[in-house]
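Chemist: Handing you this structure, nothing more for now.
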Amino acid sequence: MAEEQACLVRARSDSESSSKLGSFGSISRTMTYTEDRLTGTEGAGEPGNVANTTVNPPEQIPDGNESGELLDYNDSSVLEQFHEDALRQAGCGLSQARVLLAVTLAIAGSSLELSAIPFVLPSAEIELCILPHEKNWLVLISLVGGSLGAVGWGALGERLGRRRTLLSCLAVNAVFAAIAAFMPTYGTFMMARFCSAIGSGGTVAVGYTYCGEWFGRAQRRRALALPAAGMGAGALLAAALAHAALPDTGAAALKENKEHFSAWHRYLLLCTLPIIASLISLIWTQESPRYLLDVGREVDAMMVYQNIHSSNQIRICGKANVAAAGGDSEYRLGELSLPGKRRPPALHHVRHSVKMFWQAFFQLFSSPYRSTTISLGGILLFSMAIQYYLSSYVPAMVLKTDSEEFEASKRLVVNESFVNEHYNETLENVEYVEVAFRDCTFRDMIISHVEFDNCTFTNVSFSNIMSSYTTFKECNFVNSTIIDTDMEVGRELRACALAGSVVRGMRGGCARRADLRSRLAPLRREQAHAARAALLAAAAALLPYPRRLRIRPAVFLCAACILLSPTLYVAQDETTLYIVEAAFRFFLTLIFYNVGLDVVDSYPANLRCTAHGLILSVAYMGGAVVKGMGELGVILSCVLCGLFAIAANALSLYKR
C-alpha cells in the first residue's frame, strides 16, 4: 500500500533545518497535504479523502513581529492537518488510554474536592467554631480560587505545555488539600482550601485540551465523554467516602469531635487520592504532540508520534493504521519538513512571555473568535449558574421541610414535677414550662433544642453535658451543681437565679451553637442522584449525533432546561426535589461537555487552554455570585432558572 504523508507549507532556514535533520534523520522538503481539509470541503481528514499534492515553499516568509513570532496564520491550519494525519497513521490505543485515564482522574479529583465541602461542614463547624454566616464562605472561597486558577493555569498551559501545567496544578491541589486537613483554625483552613482550589481550577481547562489533542477529530467527541464522566464519578465518590468515614448525625459528630484527629480530617485526606493517582499516572504520559508542533519542537513531536505508534499494539478505538494494514509494522509518517516558530533571544524571553500572555486574552476577542468566546462563555456561565443555585436551593428546601416537621413534633411539658429522675440519654426537642426538678441528675448526655421556661431545679446535678440550642429562661437553681458543661451564664443560662448553686469547670465554648439536627443522609442522597445523572449524561454523549440536524446541541439542551424550570414549583417533597435537580444536572453536564469539545475544535492550539480557562473562570465567578444569593423561594427560583436557561439559549444561537 502506498505510504501516506502529511503536508506542510514552509521549510525552516538552512541552518535551523540542518541541525534538526542531523538529530532526526533525513527529512525531505517535499510535502503533501489533505487539500480538502485546507479548503474546508466536507469529509476532509478522512482516510478516503487524502490527496497527495506537491507544494513548494512560498517565495517570501513573513517577517513576523519584533519578538520574532511568525504571524503566518496558515501554519495553524496546516499543522492541525498534519497532526490529524499523524494521529490517524499512529493509531488509537494504549497511549491515548493513559492520557485519558490521567485526565479523568484529575477531573474526578477536582470534582471530589468541591463536592466534599458540604459533608465536612457539620463536623468542621463544631471543631473550628464556624459561625452560621461563615459556613457558605467555604464554598465561595473554593469557587473564587477555582476561578483564579482556571484563568492562570489556562494561560500557562500555552507557555509551559499541557502536561507540565497539569502536573503543576495537580501538585498544588494535592499539597494544599492535604495541608487543609491539618489546619487547626478556621482562618488557616480557609486559606489552605483557597490555595487548593487555585490548583484544582486549572485541571479542567488544561486537562480537556491535553486529552483532546491526543485524539483526532473522529475519536475526540467520544473520548472527551470520559472526563465528563469523571465529574459525576468524583461527586459519587465524595458521597461514598462520607458514608464510610464521617459521622452521620450532628450528635455523633459532637461526640466524635473529642478525638485528636477526628473523622473529617481523615476524610479530607482520602479525598486527595484521585489527585495523587492522576499525578502518578502522568508519569507514563508524554507532552501533547500538537503543542510541541506549535512551539517549534517538531523533532520532539515526531518522536511522540513514533512512541504512540509503538505503544498502540493494544487498540481502544479506530482502525489499524495504513502501514500496519499492509503488513509493515514500521511507522512511516512521511519524511517531513515542519514549519517552526522562531524563538526570541534569551534576554527578551521574559518580556516576550509576558507580552504573549496578555496578547492571548486580547486575541480571544478579535474578530475571528469574538462570537465564539462570547457564546461559549455565556452558555457555560448561565448553565453553571443554574447548577450552583440548585445546589443551594434544594438543600435549603429540604432543611426547611425537616425544620417544619421537627417543630411540629416538639413535646410540651407544663406544670409537672420530676423527683429523683436520672437522665443519661439524649434529650431533644422538648419544651418545659414551670416544671420542678428535685433530686435529679443530668449526666453524660446531649441536650439538643430544649427550652426550660421558669423552671425550678433543687438539688439537681448537671455534669458532662453537651448542649445544642438549649436555653434556661428565668429558672431558679437551688443547691444545684453545673460542672463540666458547655453551658454558660448569659448564653444558655438567661436571667436565672443561682441560690447556693455551684457553676465551675466550664468549658470555653465557641461563639456559636452547634446544630445537632444536621444529617448527612439527605446530602448523600442529593449528591448520589446528581452524580448518577452526570454519569448518565456522559454515557449519552457517546451516542451518535445526527450531523444533518441544523440545530446545535447546546440549543436543544438549553431549551430542555427552560422546560424543566417550572417543575421546581411542583417539586415539594425531598425525593421530587432530588429528581428535578438530577434532571437539570443531566442536561447541564451535556452542556459542559459540549462547551469543552467546542473549545478544542474551535480555537487554534495556542489559544485552547487560555480560552477554556477564561470561560471557566467566568462560570466559577458567576457560580460564586449565585451561591451567595441564597434561597429565593419557589416562584422566584423557577423564574431565575428559566431566565438563566433562556440567556444560555440565546447565546448558543449567537455563535457563528
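Chemist: From 608, 585, grab the single residue that is of a type in the set (Lys, Arg) and over 18 Å from the mean Cα position of the chain (by Cα).
Modeler: When all the criteria are applied, what remains is 608.
Chemist: Turning to a different aspect of this structure: I'm trying to understand the selection: among the residues of region 430-473, which are outside any strand (DSSP E or B), surrounded by fewer than 20 Cβ atoms within 10 Å (Cβ to Cβ) and of a type in the set (Ser, Thr, Tyr)?
Modeler: Listed by number, the list holds a single entry, 469.
Chemist: Scan (1) under 15 Å from residue 412 (Cβ atoms); (2) within 47 Å of the chain's Cα centre (by Cα); (3) free of Cβ contacts under 8 Å to residues at least 24 places away in the same chain for the single condition residue 485 breaks and write down its number.
Modeler: Of the numbered conditions (1) under 15 Å from residue 412 (Cβ atoms); (2) within 47 Å of the chain's Cα centre (by Cα); (3) free of Cβ contacts under 8 Å to residues at least 24 places away in the same chain, the odd one out for residue 485 is (1).
Chemist: Hey, another quick one. In region 400-429, what count of residues is obtained for those that are in contact with a strand residue (DSSP E or B) (Cβ under 7 Å, 6 or more places away or on another chain), over 21 Å from residue 493 (Cβ atoms) and open to solvent by less than 40 Å² (accessible area, probe 1.4 Å)?
Modeler: Within region 400-429, residues that are in contact with a strand residue (DSSP E or B) (Cβ under 7 Å, 6 or more places away or on another chain), over 21 Å from residue 493 (Cβ atoms) and open to solvent by less than 40 Å² (accessible area, probe 1.4 Å) number 1.
Chemist: Go through region 96-139 residue by residue and tally those that are of a type in the set (Val, Ile, Thr), more than 23 Å from residue 466 (Cβ to Cβ) and touching a Phe, Trp or Tyr at 6+ places or on another chain (Cβ under 7 Å).
Modeler: Total satisfying the criteria: 2.
Chemist: Right, residue 580: outside any loop (DSSP other than H, G, I, E, B), open to solvent by 30 Å² or more (accessible area, probe 1.4 Å) and not aromatic (Phe, Trp, Tyr) or not?
Modeler: Considered against the rule, which asks whether it is outside any loop (DSSP other than H, G, I, E, B), open to solvent by 30 Å² or more (accessible area, probe 1.4 Å) and not aromatic (Phe, Trp, Tyr), residue 580 comes out as no.
Chemist: Limited to region 96-129, what total is found for residues that are over 13 Å from residue 210 (Cα atoms), part of a helix (DSSP H, G or I) and within 25 Å of the chain's Cα centre (by Cα)?
Modeler: Total meeting the criteria: 18.
Chemist: Quick check on region 396-413. Is at least one of its residues more than 30 Å from residue 523 (Cβ to Cβ) and not in a helix (DSSP H, G or I)?
Modeler: Within region 396-413 (the criterion being more than 30 Å from residue 523 (Cβ to Cβ) and not in a helix (DSSP H, G or I)), the answer is yes, since at least one residue qualifies.
Chemist: Out of 563, 597, 616, report the one residue that is surrounded by 23 or more Cβ atoms within 10 Å (Cβ to Cβ) and in a helix (DSSP H, G or I).
Modeler: Step by step, each of 563, 597, 616 is checked, and only 616 is surrounded by 23 or more Cβ atoms within 10 Å (Cβ to Cβ) and in a helix (DSSP H, G or I).
Chemist: Taking only region 115-142 into account, find how many residues are more than 20 Å from residue 263 (Cβ to Cβ) and crowded, with 24+ Cβ neighbours inside 10 Å.
Modeler: 1
Chemist: Exactly one of (1) at pLDDT below 90; (2) within 24 Å of residue 645 (Cβ to Cβ) is unmet by residue 505. Its number?
Modeler: It is condition (2) that residue 505 fails.
Chemist: Assuming residue 182 fulfils every condition listed in (1) open to solvent by 10 Å² or more (accessible area, probe 1.4 Å); (2) within 16 Å of the chain's Cα centre (by Cα); (3) hydrophobic (A, V, I, L, M, F, W, C) apart from one, which condition is it?
Modeler: Looking at each condition in turn, residue 182 falls short on (2).
Chemist: Does residue 189 satisfy being out of contact with any Ser or Thr (no Cβ under 8 Å at 6 or more places or on another chain), open to solvent by 40 Å² or more (accessible area, probe 1.4 Å) and either hydroxyl-bearing (Ser, Thr, Tyr) or touching a residue at least 60 places away in the same chain (Cβ under 8 Å) (or both)?
Modeler: So residue 189 fails the test.
The values are calculated or read from the model by the stated rules, or taken from the named source; none is laboratory data. Since we're looking at a predicted model, the values are computed, not measured. Glycine gets a Cβ as well: all are built from the backbone with ideal geometry, and neighbour counts include every protein chain shown. In case anyone asks, the SASA skips ligands and DNA or RNA and just uses the protein heavy atoms, side chains included. Shrake-Rupley method; radii C 1.70, N 1.55, O 1.52, S 1.80 Å.
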